[in-house]
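Here's the structure, in structure tokens; my notes come after.
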Amino acid sequence: MAEENIQTIEEDKLSEERIAFRKRRVKRIKRLLIFLLIFFLLIPNLVCAFLLYKLYKMDQHIDSLKEEIKISKEEIERRTRESAAKKAEEQENEAKVVELEQQNLSDDEKYPDKQLVYLTFDDGPSKYTDEILDILNEHDVKATFFVLAKEGYDDQYSRIVNEGHTLGIHSFSHKYSTIYASLDSFMEDVNGVSQFVESKTGLRPTFYRFPGGSSNSVHKASMQDMIHFLTSENYVYYDWNVSSEDASPKMLDASVIARNVVNGVGNKHEAVVLMHDSASKRSTVEALPLIIENLQSKGNVVFLPITDSTKQVYHVKEKDAPVVDEDPEPVDEEETTIEEKSETEADPNEE
């Protein structure tokens, strides 16, 4: 009996130990499961948090790179602008140097191997001035206009200047008997047309052409006194050494005028051509393209406006010495008289 009790007690102890062991094992399993559950729940969150942090840092880095790229682009653009501005300034300075060098050279020195042709138009503006300017522009030719004082032609005065031609003065009244009656009359006429042109263009003219030329035979005042006056007022007068002969009272055909000019230019190195811009000179306008195209076809002709770089061509100088010019155009009194009559009788305000 006692043995049975002992055995029962031992079995109970063994059973309790087993139960206790099972309980401990269950606890361990629960802890493991809890740990695993926590691990698998926490790690993804940590990974996500880490990845979000990396993404945030990457975004910051990208923003920083964008800012750097923007700054670099702006810097490149700034440097490009500075480089372009510097290059433009250098080119401008070079152009100014060349221009200054050119200003100090005469036309003859600028074009030593060319024939220099100066187309000059007296008596304008007229209803044909715009057409003459259109023809000159079409052929890329610059010319010189010795104008009268005429109201109603403000656009033409301005256009002559704005399109790069030279605007000289010819006369205010264009009446020989008035202009050349005395030195005072001559001075009044010159000052009148000069002030008129300056009021229309804002520029004081510096080039002058005597009505009838400096060799005209109708002046009562001393030609020397008139020349001295022009010089004292800083005017330079220009006559011509080639005449189109379009001043003839009889209107010449355009082909005749063109032939007169082309033959007159001939082989002259410097040719100052006399033409007229007036309402009665339609054939002169028609002859102009023929003249330009014929001379341009020679290949060695340069058309220029009269400027400070142009060699002065004159019929009379101080002490009435003859002009010193290679192969000058002879001036006969009959031709001059014809021109004087036609110009004197013309109405300076004629349309």
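Values in this text are rule-based calculations from the coordinates and carry no lab data. Note that this is a predicted model, so its numbers are computed, not measured. So basically every Cβ, Gly included, is an ideal-geometry build from the backbone, and we count neighbours across all protein chains shown.
Things worth noting here:
- Vicinal HN-Hα couplings computed from phi for region 222-238 (Karplus, 6.51 cos²θ - 1.76 cosθ + 1.60; Hz; Gly/Pro x): 5, 4, 5, 5, 5, 5, 4, 4, 4, 4, 5, 9, 6, 9, 10, 9, 10
- Region 44-51 - phi-based ³J(HN,Hα) in whole Hz, Karplus 6.51/-1.76/1.60, Gly and Pro as x: x, 5, 5, 5, 4, 4, 5, 5
- Residue-wise HN-Hα couplings along region 124-134, as the Karplus relation 6.51 cos²θ - 1.76 cosθ + 1.60 with θ = phi - 60° gives them from phi, are x, x, 8, 5, 9, 4, 4, 5, 4, 5, 4 Hz; Gly and Pro carry x.
- Region 110-345: antiparallel DSSP beta bridges as a percent of all, rounded to 5: 5 percent
- Residue pairs, from the table LYS175/LYS317; LYS200/LYS298; LYS268/LYS317; LYS200/LYS220, whose Cα atoms sit over 27 Å apart: LYS200/LYS298; LYS200/LYS220
- Most to least packed among 170-183, 24-37, 117-130 [average Cβ atoms within 10 Å]: 117-130, 170-183, 24-37
- Along the axis of the charge dipole computed for region 110-345 (Cβ charges of +1 for Lys and Arg, -1 for Asp and Glu, origin at the Cα centre), the listed residues SER171, VAL285, LEU136 are led at the positive end by LEU136.
- Amide hydrogen proximity for TYR208: with H placed 1.01 Å from N in the peptide plane, the residues at 5 or more positions away or on another chain lying under 5 Å are ILE169, VAL236, TYR237, TYR238.
- Cα centre as origin, Lys/Arg/Asp/Glu Cβ charges: region 110-345 dipole, Debye: 300 debye
- Packing, taken as the mean count of other beta carbons within 10 Å per residue, orders the peptides 80-88, 253-261 from highest to lowest as 253-261, 80-88.
- Long-range HN-HN contacts of VAL272 with modeled amide H, under 5 Å: TYR118, ASN241, VAL242
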